[in-house]
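Take a look at the structure set out below.
The values are calculated or read from the model by the stated rules, or taken from the named source; none is laboratory data. The structure presented is a predicted model; accordingly, all values stated were derived computationally and were not measured. Cβ: placed from backbone, ideal geometry, glycine included. Neighbour counts: every protein chain shown. Note: accessible area is taken over every heavy atom of the protein model, side chains too, but ligands, DNA and RNA are not part of it. Shrake-Rupley method; radii C 1.70, N 1.55, O 1.52, S 1.80 Å.
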Amino acid sequence: MRTLVWLLVVGLLALLGIALSQQGALDPLRNFALTVASPFQRGLRAAASPAADFLDNVAERQDLEEENRLLRQQIEELTAEIARLKESEFTAADLAELAEVENSRPDDEFLVARVIARDPSNLKERLAIDRGSDDGVAEGMVVMSEGASMVGVVSKALSDFAWVTLITDPNSNVNAMLLESRAQGVVGGSLNGGLHMDLIPQDAEVEPGNTVATSGLGGNLPQALLIGQVTSVRGEPQDVFKTAEIKPAASLSRLENVLVLTSFRAARLMSP
Amino acid sequence: MRYLLFVPLILFAALAQVAAAPYFPLLGVTANPLLVLLVCWAMVRGPEETMALIPVAGIFKDLITTDPVGASVLALLPIVPLAAIRERRPTESEFLPTLAVVAAASLSYHLIYMIVLTAVGDGPPWLQSPVRVILPAALFNALITPIFYLPVRWATTLAEMARPSMSVPGLGER
């Protein structure tokens with residue numbers, strides 16, 4: 001009987017808490033909790049990261065790990081540069097209106113933020129950064145890796161912190177295109193951190209190694225922001241669309257610092 | 001008085017889950033050390049303390065993640081009724097029932113959690129979740145159970161040994 005009463009009371013209080021947090025009434029409390037917890041979280045992350053690296057690379061030496069990290073970063077930066085150059089080349093050669101879009105964009109302004117936590121849920125792919133609305137971060141802003149590829153979008157901005165929904169989140173959908181064939185599709189996340197591009201027209205040429213970048217369609221994201229590379233393509237000839245598995249360019253599981261693109265405002269955030 | 005020790009410990013477990021657990025995935029999922037610790041606690045020490053710790057741990061975890069505040073509390077609630085199996089003593093050992101309760105609590109945790117997420121418009125893909133998340137997470141949580149069960153068991157045994165015993169003539173030690 002006592003257990004039943006406890007279940008009812010705590011259950012009702014939990015439902016009340018859910019309702020209040022959906023209204024945003026608990027955001028100041030969340031901000032306070034993150035302020036208190038973030039130093040401990042940083043400490044725990046700092047302790048866990050080398051242990052995780054050790055487990056991942058038991059057979060490898062420390063210097064090889066460091067070299068590998070640097071090389072990965074360089075590859076990511078170069079791939080992002082190639083994506084940008086390919087886009088510029090295409091713009092110059094074929095589509096003058098794309099040049100107009102590019103020219104109309106102001107110089108990019110970034111805010112450097114440190115990753116303080118990851119959402120531990122197995123059903124979401126989100127991370128917390130130590131910049132919030134007081135620093136100019138707003139919901140809908142694009143977050144990029146240090147190598148200039150896309151990480152995700154700010155989904156919740158508290159006063160001093162913000163939560164970023166990664167492109168690998170199951171509820172994330174990004175309008176994207178293949179730079180080689182110009183074919184468009186939608187890049188979405190899946191459980192376990194996977195990334196795939198759907199709705200690629202059947203007649204589009206897609207091959208492993210192709211580069212995937214944001215298309216800018218819809219106005220919620222800037223154009224030609226590197227997402228990743230195609231690793232495999234699925235789809236039978238009778239299917240209407242093809243699906244491609246994508247390997248994200250950014251190392252999303254090991255992000256330590258990110259860049260918030262503050263100069264780009266999503267179309268849905270602009271006043272009419 | 002004892003809660004002065006228990007509450008910081010459980011808050012630390014919640015912090016560790018958020019900050020460190022994502023670094024150690026297995027089978028594509030992250031373990032839930034908070035849930036495992038609470039189940040071990042309930043199975044070894046009885047559900048009374050766990051009834052106080054669940055709201056504290058759940059609310060704190062939700063405050064430092066993107067979950068609606070209260071979602072984890074709801075998802076952790078079944079631990080208490082599930083731990084009632086302890087009173088029936090199905091086996092000589094406490095450990096095997098603890099493993100079973102960890103697996104069952106893990107399944108119910110994800111089920112309730114997914115219902116809450118869906119209700120607030122942040123629902124995961126239901127069809128893929130059982131195979132890709134719920135079952136692997138239950139297995140992973142069961143695998144890490146000894147890491148939490150043994151310290152809780154030893155600490156409880158030590159505490160019981162340290163407690164002054166009361167002797168009643170004719171009835172032996174109580």
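Here is a check on your reading of the model: is residue A:231 hydroxyl-bearing (Ser, Thr, Tyr) and surrounded by fewer than 17 Cβ atoms within 10 Å (Cβ to Cβ)? When the stated conditions are applied, residue A:231 passes them. Contact annotation: residue pairs with Cβ atoms under 9 Å, 6 or more positions apart or on different chains, pairing a residue in the range B:101-123 that is touching a residue at least 24 places away in the same chain (Cβ under 8 Å) and closer than 22 Å to residue B:82 by Cβ with a partner that is among the small types (Gly, Ala, Ser) and surrounded by fewer than 17 Cβ atoms within 10 Å (Cβ to Cβ), are B:117/B:123.
Conditions tested, residue by residue: (1) out of contact with any Ser or Thr (no Cβ under 6 Å at 6 or more places or on another chain); (2) closer than 21 Å to residue A:76 by Cα.
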site: A:117; (1), (2): yes, no
site: A:134; (1), (2): no, no
site: A:138; (1), (2): yes, no
site: A:145; (1), (2): yes, yes
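Whether any residue in the range B:27-35 is of a type outside the set (Asp, Glu), closer than 27 Å to residue A:8 by Cβ, more than 13 Å from the chain's Cα centre (by Cα) and buried (at least 17 other Cβ atoms within 10 Å of the Cβ) is what I want to check. No, the conditions are met nowhere in the range B:27-35.
Among the residues making up the range A:169-178, a single one is within 17 Å of residue B:66 (Cα to Cα) and either open to solvent by 50 Å² or more (accessible area, probe 1.4 Å) or more than 12 Å from chain B (Cβ to nearest Cβ) (or both): A:171.
Looking only at the range A:26-37, filter to residues that are open to solvent by 50 Å² or more (accessible area, probe 1.4 Å) and in contact with a helix residue (DSSP H, G or I) (Cβ under 9 Å, 6 or more places away or on another chain); which one of those is nearest to the other protein chains (Cβ to nearest Cβ)?
To start, the set of residues in the range A:26-37 that are open to solvent by 50 Å² or more (accessible area, probe 1.4 Å) comprises A:28-29, A:32, A:35-36.
This time we only want the ones that are in contact with a helix residue (DSSP H, G or I) (Cβ under 9 Å, 6 or more places away or on another chain), so: A:29, A:32.
Working: A:29: 6, A:32: 8 Å.
If we take residues in the range A:26-37 being open to solvent by 50 Å² or more (accessible area, probe 1.4 Å) and in contact with a helix residue (DSSP H, G or I) (Cβ under 9 Å, 6 or more places away or on another chain), then A:29 is nearest to the other protein chains (Cβ to nearest Cβ).
Screening B:81, B:136, B:124 for residues that are in a loop (DSSP other than H, G, I, E, B) and at the interface with chain A (Cβ under 10 Å from one of its Cβ atoms) leaves exactly one candidate, B:124.
Scan the range B:15-47 for residues that are of a type in the set (A, V, I, L, M, F, W, C), part of a helix (DSSP H, G or I) and facing chain A (nearest Cβ under 7 Å) and jot them down. B:15, B:16, B:18, B:19, B:21, listed by residue number.
For residue B:51, the test of being at the interface with chain A (Cβ under 7 Å from one of its Cβ atoms), assigned to a helix (DSSP H, G or I) and closer than 18 Å to residue B:156 by Cβ is passed. Give the residues of the range A:179-218 that are in a loop (DSSP other than H, G, I, E, B), open to solvent by 50 Å² or more (accessible area, probe 1.4 Å) and either among the hydrophobic types (A, V, I, L, M, F, W, C) or assigned by TED's automatic domain parsing to the domain that holds residue A:119 (or both), sorted by residue number. Answer for the range A:179-218, where residues must be in a loop (DSSP other than H, G, I, E, B), open to solvent by 50 Å² or more (accessible area, probe 1.4 Å) and either among the hydrophobic types (A, V, I, L, M, F, W, C) or assigned by TED's automatic domain parsing to the domain that holds residue A:119 (or both): just A:217.
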